[in-house]
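The values are calculated or read from the model by the stated rules, or taken from the named source; none is laboratory data. Just so it is clear, the structure is predicted and the values come from calculations on it, not from any experiment. Because the Cβ atoms are built from the backbone with ideal geometry, glycine has one as well, and the counts that use them run over all protein chains shown.
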């Protein structure tokens, strides 16, 4: 599959895209699978809901400035999709991100999940 990019802009005025972020949101994928090549996995300082900051791992991609925050679930999904548990070896590998929903603290929320190729 050829590599594609994250769509730009917000033609439908999606509320999740009204406030741009350097981190990917499910709405950024506009309902489609997006295949990207991993450039690196690094730690970034993110704001938490309480106003503090917390260091988290993020995936940086080639051809986009948007980063993908790795929680424990998505980190294990990437490792399984690439059949590689060491994140330092993920650079240069392609993953496909797709929007879906998941249960987050008792609520159904939009989220991004991972597979190696679009299906």
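Brief remarks on what is shown
- Residue match in segment 59-81 (condition: free of Cβ contacts under 8 Å to residues at least 24 places away in the same chain and under 15 Å from residue 21 (Cβ atoms)): yes
- Where strands (runs of 3 or more DSSP E) sit wholly within segment 7-119, those with at least 3 residues that are surrounded by fewer than 17 Cβ atoms within 10 Å (Cβ to Cβ) and modelled with pLDDT of 90 or more occupy 34-47, 53-61, 94-104, 107-115.
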